[in-house]
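Computed from the coordinates by the stated procedures, all read-outs in this text should not be read as laboratory data. Every value quoted in this text rests on a predicted model; they were computed, and no experiment measured them. Backbone-built Cβ (ideal geometry, glycine too); neighbour counts: all protein chains shown.
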Ligand SMILES: [Zn+2]
């Protein structure tokens, strides 16, 4: 199968196998690489594309936090907008008091309370918990994406629009957003664990399998 190269001329090929399809073309053109262990945190049934994109950027090390911009001399101030520490990925997600408060509250709602220890640890923790399509792991992945997106958006709002929000109002926003998403889910097994989580979030009973 052809491999795309900017240095060679295009060639017309005739596929006479009678099983031509866009899927075959895609698989023949794409470069296959080893699977990363965090891919299920980004792409899963029920993911929210806008949030998944930021999670993907973060997992790929592509978010331009202030420490990076200051190393490239684009900015001179590398202070976190929420506190006085240097804004690194490790700090912003979820060591910073602002994001740590959010993380503690949300992990408690998910019945997975833990003290946040920075991005690398949180990512590994989610990789370990995020396998399968279980209600609790799916919920944790949606919440994880929401939290990352909103922390990043809030940090940018603070810098570019001089807008500030209290962490409690962001938590409330996440709770309402997650509730509206989960209300569309159906046939969730009615286990004790799932029930306790749903009580914590205030999910309706109709999401459970009858
Ligand atoms: Zn901070």
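For region 57-134, rounded, prolate or oblate, judged on the Cα gyration tensor with a ≥ b ≥ c (square roots of eigenvalues), a/c < 1.5 rounded, else prolate if a/b > b/c? Could the numbers behind the result be given before it?
Numbers: a/c = 3.53, a/b = 1.73, b/c = 2.03.
Note, shape of region 57-134 comes out oblate.
Once you reduce region 44-82 and region 8-24 to the center of their Cα atoms, the two points are 39 Å from each other.
Checking the a/c ratio against 1.5 first, then a/b against b/c, what shape does the Cα gyration tensor give for the chain? Cα axes put the chain in the oblate bin. Spin-label model, residue 57/residue 117: points 7 Å from Cα along the beta carbon direction are separated by 2.8 nm. Packing order of peptides 75-84, 35-44, 150-159, highest average first: 150-159, 35-44, 75-84 (average count of other Cβ atoms within 10 Å over each peptide's residues). Modelled spin-label separation between residue 8 and residue 76, with each label point placed 7 Å from Cα along the Cα-to-Cβ direction: 5.3 nm. In this label model, residue 187 and residue 201 are separated by 1.9 nm, measuring between points 7 Å along each Cα→Cβ vector.
For the listed peptides 192-201, 139-148, 120-129, a ranking on the average number of other beta carbons within 10 Å per residue, highest first, reads 139-148, 120-129, 192-201.
Summing -39500 (n - 2.57) over the DSSP H runs of n ≥ 4 in the chain and dividing by its residue number, what mean residue ellipticity at 222 nm do you reach, to the nearest 500 deg cm²/dmol?
Working: 9 runs with 101 residues, N = 210.
It lands at -14500 deg cm²/dmol.
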